[in-house]
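Each remark here refers to the structure printed beneath this line.
The values are calculated or read from the model by the stated rules, or taken from the named source; none is laboratory data. All values derive from a computational prediction rather than experimental measurement. For neighbour counting, all protein chains shown are included, and Cβ atoms are generated from backbone atoms with ideal geometry for every residue, glycine included.
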Amino acid sequence: MKLKSLDIMLTLALVFTVVSGFAFTWQQTTTHSSAGASAMSADGRIICVINSTSHPFISTNSGGTWAFATNSPPWGLPTPNCVAVSATGEKIFAALSTNASQSTWMFVSSDQGLSWQKTAFPNSNFSTAYQVACSADGIKVITSLQNGPIFYSTNAGVDCYTSSIPDAGYLLACSADGRRMFAVGGVSPGLYSSSNFGVNWTPQNISLPGFGSLCTSSDGNWIGLTGLNRLTIISSDGGATWRTNAIAGQTIDCSANGTNWIIAGDKIYTSVDAGVTWVTNFSSAQWLGGLVSADGAEMAAVGSGQGTWIGRVVPSPQLNIQPQTPNVAISWLIPSTNFVLQQTADLANPTWTPVSTTPTLNYTNLQQQVTVPAAGSNAFFRLSAQ
């Protein structure tokens, strides 16, 4: 069986829908004004926005419609990094309280926000910053409290353990597999890294001023930090070296491969070249949250008094083909638009038919994967947008 990486055929499949350039088309999907912290699934389908005066606001169709999670506690912390969503959106972690005078607990929903349960992580005062990050499968979780240590769980918050890092309060980020984790904070603020799911932490050789948001790519190689002093720094090698941009903001986020970025602050800034150059998308509001799907083709901007906006470009996923005798593995980064894997035996007069095997998501690299037999006949594959 002949197999080809069908970048060319993928382009043909999208020729009628490709948007020229890299400009995102933005559309307001909500006008809710008290929104704050936010997170989205890898495909951009599940979006959770935390409100300080009502239940979490959740969309299960990329911002098409929204609903309040009325089974959750009604008060949340509208500060960056107090909500995390797994790759499929099945699990949502959020710091919630019954009212502004009660303690805040880290809650988890395992059904896209329909029901909520307390985790084993310790509670905090409502006014205390509570941070959270999770792996793509939602099983490895880390949290931190203001002026406190980092807590970790390897079973989605059922059990909780205290890590080796000193008490100080930290911003948190997590690779897709959960093995690589990053934290920014400390008495003398700096970057810490963990390579064993948050159990032990090692200070990196960098001293940082006060920062407000932290993110990382799916493999943990790309790290983004944005702060309060007109400064954004980005690393492509796990924190060994850094590039500085004169942009500040409330939150920063990036795609799975570290190519597409968003910064939310007094403006919405986006980059499609790994943070080398930036485009201003909105310029007259206070933006509290910015999110990027795994493929970078969908972004969300959450504003103070601006509601939630969704920005999109047409995704162009690349097929990867890897021999696995006696089979062949075909994979592609989980897309923010529905694609179907198709095959044909003849390119001269092709008859494209869907591959019958259902793709499975590899949580370690966010790749959709299909395994097909390596038969003796020709076979060609493409992804077709639906």
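Considering only residues in segment 182-211 that are over 24 Å from D137 (Cβ atoms) and in a loop (DSSP other than H, G, I, E, B), the one that is modelled with the highest pLDDT turns out to be P189. Evaluate the following for T79: is it in a loop (DSSP other than H, G, I, E, B) and among the β-branched types (V, I, T)? Against the criterion (in a loop (DSSP other than H, G, I, E, B) and among the β-branched types (V, I, T)), T79 qualifies. If the condition is being over 25 Å from V313 (Cβ atoms) and not in a strand (DSSP E or B), then segment 330-362 contributes A345, D346, L347, A348, N349, P350, T351, V355, S356, T357, T358.
The single condition among (1) touching a residue at least 60 places away in the same chain (Cβ under 8 Å); (2) under 28 Å from G185 (Cβ atoms); (3) surrounded by fewer than 24 Cβ atoms within 10 Å (Cβ to Cβ) that A87 does not satisfy is (3). If you go through segment 238-276 and pick out every residue that is crowded, with 24+ Cβ neighbours inside 10 Å and of a type in the set (D, E, K, R), you end up with 1. Here Q386 does not fit the description of being within 20 Å of A297 (Cβ to Cβ), modelled with pLDDT under 95, surrounded by fewer than 17 Cβ atoms within 10 Å (Cβ to Cβ) and in contact with a helix residue (DSSP H, G or I) (Cβ under 7 Å, 6 or more places away or on another chain).
Would you check if there is a residue in segment 329-345 being hydroxyl-bearing (S, T, Y), modelled with pLDDT of 90 or more, surrounded by fewer than 15 Cβ atoms within 10 Å (Cβ to Cβ) and within 18 Å of A256 (Cα to Cα)? No, because not a single residue in segment 329-345 is hydroxyl-bearing (S, T, Y), modelled with pLDDT of 90 or more, surrounded by fewer than 15 Cβ atoms within 10 Å (Cβ to Cβ) and within 18 Å of A256 (Cα to Cα). Scanning segment 348-381 for residues that are closer than 20 Å to N338 by Cα and either free of Cβ contacts under 8 Å to residues at least 24 places away in the same chain or in the same structural domain as K140 (by TED's automatic domain parsing) (or both) turns up T353, P354, S356, T357, T358, P359, T360.
Residues are listed down the side, and each one gets a yes or a no for (1) farther than 20 Å from T325 by Cβ; (2) among the hydroxyl-bearing types (S, T, Y):
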position	(1), (2)
N338	yes, no
Q343	no, no
T353	yes, yes
T360	no, yes
P373	no, no
F381	no, no
S384	yes, yes
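When segment 221-238 is filtered for residues that are in a loop (DSSP other than H, G, I, E, B), within 19 Å of P189 (Cα to Cα) and at pLDDT 90 or above, only G238 remains. Take the conditions (1) more than 21 Å from C48 (Cα to Cα); (2) at pLDDT below 95; C82 misses just one of them, which is (1).
Just one residue in the set D111, D167, D177 is of a type in the set (D, E, K, R), surrounded by fewer than 24 Cβ atoms within 10 Å (Cβ to Cβ) and in contact with a Pro (Cβ under 8 Å, 6 or more places away or on another chain); that residue is D167.
For M106, work out the one condition from (1) more than 20 Å from Q250 (Cβ to Cβ); (2) touching a Pro at 6+ places or on another chain (Cβ under 8 Å) it doesn't fulfil. It fails just one condition, (2). If you go through segment 115-126 one residue at a time, do you hit one that is crowded, with 24+ Cβ neighbours inside 10 Å, touching a residue at least 12 places away in the same chain (Cβ under 8 Å) and more than 30 Å from R312 (Cβ to Cβ)? For segment 115-126, residues crowded, with 24+ Cβ neighbours inside 10 Å, touching a residue at least 12 places away in the same chain (Cβ under 8 Å) and more than 30 Å from R312 (Cβ to Cβ): present. Which one is modelled with the lowest pLDDT among residues in segment 27-49 that are surrounded by fewer than 24 Cβ atoms within 10 Å (Cβ to Cβ) and part of a strand (DSSP E or B)? Only one residue tops the list, namely G36.
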